[in-house]
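A single structure is presented below for examination.
Every number here is computed from the coordinates shown, using simple stated rules; none is lab data. Not measured: the values here are computed from a predicted model. Here the Cβ is made from the backbone with ideal geometry for all residues, glycine too, and neighbour counts use every protein chain on show.
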Ligand code: ZN
């Protein structure tokens, strides 16, 4: 089929969110505490609607159910990926996600969550939490039970363009002044281990201390992601990560570039600039899916795109 599937994002208000989804992306957001734009999602907590074309008005979950041919007839009862833009005006809670096995057993058969972050922008001096300093699992439990957060948490500096792969069992937190493009398994299972003793509507948010201790991996081993770049005309494609759940690429479009496409489907987010995809105008803040059988894709203009796909 030679028709792209454009999606209408779903927005989530959060205690740590800001207004950059409006000021940077020109979205209509519900309030100045909007933390997340679920840009490509068929998850029941935020199921995107197709915004134009043959399937206009349909939810992505319906297309997955009724038109699996658009996704190369992949198996599975849910669309596997979820792409978000996150605006962290304040710190997110310190958290960890389970793997498929733990989530399947303890969370009603849900998927686990592997996720990755591309830093779209951040304040000078911005930081992020990835991993911890405990030397073994026993020390993880002690440090958490004794609330020795400063000693426990591994905080590192970040800059625009950095990329992080966060595997299940990795303790992490996005911190204040950070705008991120997140690609993840379509799952919503988060175990919060520490929330800075913040209150939401007068009450602390729920913590999941035991589950966190169960799933945190020790010692922490940093994920090394080897970025590989190649040129296409004047543009450039960079592979950010490839794992069993997804491959994520950054595409710097400059002039005209044609990319072959044999994937079951490809998610594409326009994160900078404006241009065209096969003659259709696109601009920063647009998100679409290239369906199965679409074949070659031609981009034109000056844009930064992030794409994700799964293995056939
Ligand atoms: Zn997370």
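Which three semi-axes in whole Å describe the equivalent ellipsoid of region 86-153, each the square root of 5 times a Cα gyration tensor eigenvalue, listed largest first?
Semi-axes from the Cα gyration tensor: 24, 21, 10 Å.
Given a Förster radius of 45 Å and the C-beta distance between residue 136 and residue 160 as r, what FRET efficiency does 1/(1 + (r/R0)^6) yield to the nearest 0.05?
That gives a FRET efficiency of 0.80.
In nm, what is the difference between 0.36 nm times the number of residues separating residue 258 and residue 2 and their Cα-Cα distance?
This chain segment gains 90.7 nm when fully extended.
Shifting gears a bit: Among 195, 214, which comes first, then next, by fewest other beta-carbon atoms within 10 Å?
Arranged by neighbour count, lowest to highest, 195, 214 become 214, 195.
Mind jotting down the distance between the C-alpha centroids of region 160-235 and region 46-91, whole Å?
The two parts, judged by their Cα centres, are 22 Å apart.
Between residue 298 and residue 54, 0.36 nm times their residue separation minus their Cα-Cα distance comes to what?
85.7 nm
Considering the alpha-carbon set of region 74-233 alone, what are its Rg and its Dmax in angstrom?
Just the Cα atoms of region 74-233 yield Rg and Dmax of 16.3, 56 Å.
I would also like to ask the following. Classify region 228-309 as rounded, prolate or oblate, taking a ≥ b ≥ c as the square roots of the eigenvalues of its Cα gyration tensor: rounded when a/c is under 1.5, otherwise prolate if a/b is larger than b/c and oblate if not.
rounded
Please give the FRET efficiency for residue 66 paired with residue 176, using the beta carbon to beta carbon distance and R0 = 35 Å, rounded to the nearest 0.05.
For residue 66 and residue 176, the calculated efficiency is 0.25.
Order by neighbour count: 306, 85, fewest other Cβ atoms within 10 Å first, most last.
306, 85
Can I ask one more? Could you list 87, 234 so that the one with the fewest beta carbons within 10 Å of its beta carbon is first and the one with the most is last?
Fewest-to-most ranking of 87, 234: 234, 87.
Now for a different question. In nm, to one decimal, how far is the residue 45 label point from the residue 230 one, both placed 7 Å along Cα→Cβ?
Spacing of the two 7 Å Cα→Cβ label points: 3.7 nm.
Once fully extended, how much extra length lies between residue 221 and residue 311, figured as 0.36 nm per residue of separation less the alpha-carbon to alpha-carbon distance?
29.8 nm
On to the next question. With the crude spin-label approximation of a point 7 Å out along Cα→Cβ, what separation in nm comes out for residue 101 versus residue 283?
Distance between the two pseudo-spin positions: 4.9 nm.
Semi-axes of the equivalent ellipsoid for region 1-144, please: Cα gyration tensor eigenvalues, times 5, square-rooted, ordered largest first, whole Å.
Result for region 1-144: semi-axes of 31, 24, 12 Å.
Choose one answer from 123, 47, 99: the residue with the largest mean-square fluctuation in a GNM of the chain with alpha-carbon springs under 10 Å.
Result for the chain, Cα springs under 10 Å: 123 fluctuates most.
Return the tail of the calculated pair distribution for the chain, meaning the percent of Cα-Cα pairs more than 38 Å apart.
Taking all Cα-Cα pairs of the chain, the fraction more than 38 Å apart is 13 percent.
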